[in-house]
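Shown next, in C-alpha cells, is the structure this report addresses.
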Amino acid sequence: MIDFLTRNPVFRFYKWLFVKGRDSFVSLTEKGDKGPLVIKVCMAVLFFSMASVFLSTWGDYRDAGTSQLGLESGPATELPPVAPIIWRGLSVVLALLGVVAAFLIRPTRSNRNQQRFIIIALWMAALAGLASWLPPDVIATQRALTGKALAGETPSIVAYFGQVVLVASLIISIPLAAWLYFRLSLMDRYVVQSFLSPFLFCLFSFTAIWVIADMNDHSKYLAQMKDGQAITYYIVQIPFVILFVMPIVMLLAGLFSLTTLSKSNELISMIGAGRSVTRILMPLFIIGLYSSMICLAFKFQWAPTSVGTSDAMMESARAKFRAKRKGEEVEPVLYSKRGWMHVNEPDQRTWFVGAVPLKLSDPMSDVVVAKLDDKGQPQVVWIAKRAKWVWNTVPPQWQLFSVTVYTYDAERIPRMTRHAQLTIDDWSETPWKVLSSAQNPEYLGMPGLTMYLDANADMNDDRLAAFRTNRWNIFAEPFTCFVMILVAAPLGVVYSRRGGMAGVTGAIILFAMMYLMRTTFIALGQGSNMGPFLAAWLTNFIIATIGLFLLAFRARNREIPKLRNLIMAPFKKRPAVPTA
C-alpha cells in the first residue's frame, strides 16, 4: 500500500510541492533576509486586499444591474459607473507586479540590486494604491458636484483638493523615503536605525495597551457584535489610535535612542568626526516632519471619521445589549445623535428626526414631517418609522416606511391614513439639508467642516466656534510630533550620567504640560473664549520655543541650565564694576 502511494503521481506531486515550499520558507527566513521577507509578506497582503476591493466593486455593479433588470415599472435609476471597476482591476495587476518584484529580492544578489527591486516593489504598491483609490474617488466627487451625492451634499473643492494632495503625497512618499534612506551616509543611516527600533516598539506597545484597555472596558458590549464587527471596530480606529499615541511615541523613541548613543559615547565620536549636534540630529528632525505629514493625512479626514464610526458602533452594541435584556430587536443602522429638528422656512415644512444616522445616506428613524400653512398651523403631518432619500431616481424622491399621514381640513379635524411605504418626489430637502447642522465637530474632517461652515455661515459666532477651532486643530495637532522631537533631541543628548535621568524627567514634565495646555486651549476655543487659531496653535508655539531654547545650548555643546538657576538668575546680584 505504501509503495503504491509513493508511486502515485498525485502523491509525488504533493510531496514535491511540500519540499519546494519548505525550502522556499527556509531560504526566505535565513539570516540577512529578514527585511525583504517583511516586504514580500506586505506585498502579498496588498495584492489580496486589492483583489478583494476589485471583487467587491464588481459585485456591487452586478447587483445594481440585476436589480435594475428586475424592475418592471417605477422611476428610472442609474447604474454605477464602470470606470472604478477598470481602475481597481488595474490596481490588482500593479499589485501582482509588486509581488513579483518583491520575490526577486534574494540574498544572492548584490546590495544594489536588492535595493533596486525593493524600490520597484514599493513603487508598484504605491501605484496600485493610487489606482484603487484616486480615480474612483474623483468620479464620486464629480457625481456629487452634479447633484448625485448619496446625501445630497455639495463638497468643497478646496478641501477635497487638499485631501487628494495629502493622501497622494503620503502614498508616493513611501518609495521616495526608501530611495532616500538607501542614499543616506553611513552615519545618518545609523542614527535612523537607532531611532526606528524604539519607535516601532513604542508604537506597537502603546497600541496594544490601548486595545487591551478598551477591550477590558467594553467586553460585554463587544460580545454583542458578530460577523467580524468587533475586528472592524478596532480596524476603523487605527488612524485615530496612531494619531493619539504618535506624540508620546516620538518623545520616548527620541529620548531612548539619543540617550543610548550618548551613554555609549557614540554621540561624542560623531561630534569628534567633525559633525555638529544639529547636523547629527537632522535625520530625526526629518522623521518628525514626515510623521507630522502622516498624522496630518490621518487627521484631515480619516481619524475624525473613525472616531464617529467607532462611537456609533459602540452605541449600537450598547443598544443591542439593552434590547437583548428586554427581548427586543435593534436596527443595524449606526446612529450618531438622538433627536434633531430642522425647519424649512421657504417650503413651510418642519422635520423632527428621532435618530440621526452616522452616514447621512442611511435611513433616518422615527421621523415626523409637518407641512404648515401661512398661520403656522399643520396641514399635513407624516409620522414614519423610517425615511430614506433615494438619490439615483429621476427626480430624487423620499421613501417613508410604516407611515401614518394626518391630513387636516379647514376646521382642523385630522383624517388619518396608514401606508406600509409611501413615495414622495416633490420635497426639496436632502439628508444633508436636514441633518448637516446636527453634525458633531469631533466627527468631521476638513471636507465636512468646510461644508458645514459654508452651509451655516449665517449662524452666530458662538455656535460656529467649535467647528472653526477644530478646523485649525486639524493642522495644529499633527505637528505635535515634530514639536516632540524638538524637545526630545536636546533632552536626550547628555554629556554626564546625571543628565540622562534629568532629561527623561524634563521630557515627562513638558509632555504633561503640553497635554494640559492643549486640552485647556481647545476647550476655550470651542467655547468662543479664545480665537480659533490661537486655541489650536498656541500649545505648539510654546513647547516648540522651549525645545529651540534647549537645543541652542546643546548645539554649542553646553549643559542645559537647571530650572532653579533660570528662575533665580534675574534676582542674583551682579558683581560691582571696579572704578579707577
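Read-outs throughout are calculated quantities, based only on the coordinates presented, and are distinct from any laboratory measurement. Everything numeric here is computed off the predicted structure, so don't read it as measured data. Using ideal geometry, Cβ is built from the backbone for each residue, glycine included, and neighbour counts are taken over all protein chains shown.
Summary of computed values
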quantity: ³J(HN,Hα), Karplus 6.51/-1.76/1.60, whole Hz, each residue of segment 128-139, x for Gly, Pro; calculated: 5, x, 5, 5, 6, 9, 5, x, x, 5, 5, 5
quantity: Above-threshold pairs, the threshold being 24 Å between Cα atoms, out of Lys220/Lys324; Lys388/Lys433; Lys40/Lys226; calculated: Lys40/Lys226
quantity: FRET efficiency estimate (nearest 0.05) - Cβ-Cβ, Gln379 to Asn460, R0 30 angstrom; calculated: 0.40
quantity: Cα pair count fraction exceeding 18 Å, expressed as % - segment 289-439; calculated: 66
quantity: Separation of the Ala420 and Phe201 label points, Cα + 7 Å toward Cβ, nm; calculated: 6.5
quantity: Counting all C-alpha pairs of segment 221-332, share separated by more than 23 Å (%); calculated: 54
quantity: Calculated FRET efficiency for the pair Glu345/Ala177, C-beta based, R₀ 56 Å, to 0.05; calculated: 0.55
quantity: Gain on full stretching of the segment that runs from Asp409 to Ser49 - 0.36 nm per residue minus C-alpha separation; calculated: 123.6 nm
quantity: Protection proxy ranking of 200-206, 130-136 - average other beta-carbon atoms within 10 Å, highest first; calculated: 130-136, 200-206
quantity: Karplus-derived 3J(HN,Hα), 6.51/-1.76/1.60, for each residue of segment 52-57, Hz, glycine and proline x; calculated: 5, 5, 4, 5, 5, 5
quantity: Along each principal axis, Cα extent of segment 221-272, largest first, Å; calculated: 61, 16, 14
quantity: Relative packing of 112-121, 444-453, which averages over residues the other C-beta atoms within 10 Å, highest first; calculated: 444-453, 112-121
quantity: Separation of the Ile212 and Ile231 label points, Cα + 7 Å toward Cβ, nm; calculated: 2.2
quantity: Arg322-Ile238 FRET efficiency (beta carbon distance; Förster radius 25 Å; 0.05 resolution); calculated: 0.30
quantity: HN-Hα J in Hz across segment 518-535 - Karplus 6.51, -1.76, 1.60, θ = phi - 60°, x for Gly and Pro; calculated: 4, 4, 5, 5, 5, 5, 5, x, 5, x, 6, 9, 8, x, x, 5, 5, 4
